[in-house]
Amino acid sequence: MVQNIILLLSLVLFTLSCNKNESINASPNILVALPTPPVKVKNTNGEWVVYEMHIKAPSLNKVSIFNANTLQLNYSDFNTRENLHIASIWLPFPNQGWQENLMEHVFEYIDNQGNTKHHTFNLKIENEYPEPISINFPVPQGVWLAEGAPGATSYHTRAIFPYPDPLFDSTQQGYLIGNNPQRYAIDYALLVDGLPYDGDGSALEDWYCYNLPILAAKGGKVIFTEDGIPDNQTPFQLDYPTDINNATGNVVYIEHDDGTIGTYCHMIPNSLLVEVGDIVSAGQEIGRLGNSGNSFAPHLHMHVLINPEHKQLTKYADGLFMESMPYTFSDFIKLGNLPPGYLDENPMTPFVPTTSEVFTNVIPSESDVIAF
């Protein structure tokens, strides 16, 4: 994958089983909180209820999720660091809605004395959710790889910018570990004749998307920009260390009329055509696609943020400690899939279309190849 994210929680996989009929013992050894309420996501694989759970427990095995005593999901693919765990939950949304408006989560964990325990956490869900906002594509027409697009295992879904220390949420009586502004992000790389570059891809100019215009996906007001961060000159490697002060490279934040914020990352230095205070229209060029920041190959990383508290972006890292929201596109054609992490391959196997399916009012799924 194009490593344009900071993933500071290591992955731990558990495959233990749980019997729904076992006794459930609540315990102060485990605390659960959500950074944002559940939302509805519509991608090329279906409709989903999506939410993230932050869990503090000595050792966590799995969570079994039930609705009306019917098992919906056994989940064990936590991101874990010491006693902190994150679960990225994607539940298929049923055509007729849920039988009950509570989703029961049964956590199996190991307490401080080494005993296997269970803890029940109930979450309110809805049979109707607001439809995601619709935006335009932020790149010119063509055939594009939607690397890291939204899905249960996408690296964007599982990214987090952790707080220095977990924050206790007194309302939820649990700890919040950090923010994920990139949960529904897409990394765009243009494909020509099935490949993202000409020759061996060793120069930035070999990449078909490099220096293409970046377009505002939705109109609004420019509220933050950063420029002058150099491009990494050699694809597949970084020229300089990256952290929360330069990870997204040269970047533009555009606040929309509904309060959401479009974020455009990794632009070519000195290519930005807008500045703070400018009013831009959907489709307007705002800069050029580059390879700055924590980027291992030319691409555009774009996502949409929510800002219910009307936070001001005054310094570079501010946008990394906000949360993201899903969105859709009015129409595109899905031509097939590439393996996750395709842009890490060197050399790459050319993409060969396997379908030509028209989608409307959804978002691409992880590693879809699309035309628009």
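Some points to look at:
- Residue within region 159-169 that is of a type outside the set (D, E, K, R), open to solvent by 50 Å² or more (accessible area, probe 1.4 Å) and touching a Pro at 6+ places or on another chain (Cβ under 6 Å) present: no
- Lone qualifier among TYR253, TYR188 - being in contact with a Cys (Cβ under 9 Å, 6 or more places away or on another chain), touching a residue at least 40 places away in the same chain (Cβ under 8 Å), assigned to a strand (DSSP E or B) and within 26 Å of GLU52 (Cα to Cα): TYR188
- Counting only residues that are surrounded by fewer than 20 Cβ atoms within 10 Å (Cβ to Cβ), in contact with an Asp or Glu (Cβ under 7 Å, 6 or more places away or on another chain) and either part of a strand (DSSP E or B) or at pLDDT below 95 (or both), region 31-48 holds 1 of them.
Per-residue answers, yes or no, for (1) buried (at least 16 other Cβ atoms within 10 Å of the Cβ); (2) under 17 Å from THR314 (Cα atoms); (3) hydroxyl-bearing (Ser, Thr, Tyr):
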| position | (1), (2), (3) |
| --- | --- |
| GLY201 | yes, no, no |
| LEU204 | yes, no, no |
| LYS218 | yes, no, no |
| THR225 | yes, yes, yes |
| PRO230 | yes, no, no |
| PHE236 | no, no, no |
| ALA247 | yes, yes, no |
| VAL252 | yes, yes, no |
| ASP258 | no, no, no |
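- One residue stands out among those in region 260-290 that are within 22 Å of MET322 (Cβ to Cβ) and acidic (Asp, Glu): the one that is least open to solvent (accessible area, probe 1.4 Å), which is ASP278.
- Count of residues meeting criterion [hydroxyl-bearing (Ser, Thr, Tyr), open to solvent by less than 40 Å² (accessible area, probe 1.4 Å) and either within 27 Å of MET325 (Cα to Cα) or outside any strand (DSSP E or B) (or both)] in region 101-141: 1
- Residues of region 345-372 satisfying the condition of being assigned to a loop (DSSP other than H, G, I, E, B), modelled with pLDDT of 95 or more and over 19 Å from PRO132 (Cα atoms): PRO350, PHE351, VAL352, PRO353, THR354, THR355, SER356, SER367, PHE372
- Picking from residues in region 90-100 that are part of a strand (DSSP E or B) and open to solvent by less than 40 Å² (accessible area, probe 1.4 Å), the one that is farthest from HIS156 (Cα to Cα) is LEU91.
- Residue that is farthest from the chain's Cα centre (by Cα) [pool: residues in region 68-79 that are surrounded by fewer than 20 Cβ atoms within 10 Å (Cβ to Cβ) and in contact (Cβ under 8 Å) with a residue 40 or more places away in the chain]: ASN69
- Candidates LYS315, LYS311 - the one that is loosely packed, with under 15 Cβ neighbours inside 10 Å, in contact with a helix residue (DSSP H, G or I) (Cβ under 9 Å, 6 or more places away or on another chain) and under 23 Å from ILE244 (Cα atoms): LYS311
- Filter pass, GLU275 being under 16 Å from LEU215 (Cα atoms), in a loop (DSSP other than H, G, I, E, B) and either touching a residue at least 40 places away in the same chain (Cβ under 8 Å) or of a type in the set (D, E, K, R) (or both): yes
- Filter result for GLY293 (surrounded by fewer than 24 Cβ atoms within 10 Å (Cβ to Cβ), at pLDDT 95 or above and on the phi > 0 side of the Ramachandran plot): no
- The numbered conditions (1) among the polar types (S, T, N, Q); (2) within 30 Å of TYR188 (Cα to Cα); (3) at pLDDT below 95 are all true for SER154 except (3).
- Only one of the numbered conditions (1) under 19 Å from the mean Cα position of the chain (by Cα); (2) closer than 28 Å to VAL192 by Cα; (3) among the hydrophobic types (A, V, I, L, M, F, W, C); (4) open to solvent by less than 10 Å² (accessible area, probe 1.4 Å) is not met by PHE332, and that is (1).
The values are calculated or read from the model by the stated rules, or taken from the named source; none is laboratory data. Quantities reported herein were computed from a predicted structural model and do not represent experimental measurements. Glycine gets a Cβ as well: all are built from the backbone with ideal geometry, and neighbour counts include every protein chain shown. All accessible areas refer to the heavy atoms of the entire protein, side chains included, with ligands and DNA or RNA removed. Shrake-Rupley method; radii C 1.70, N 1.55, O 1.52, S 1.80 Å.
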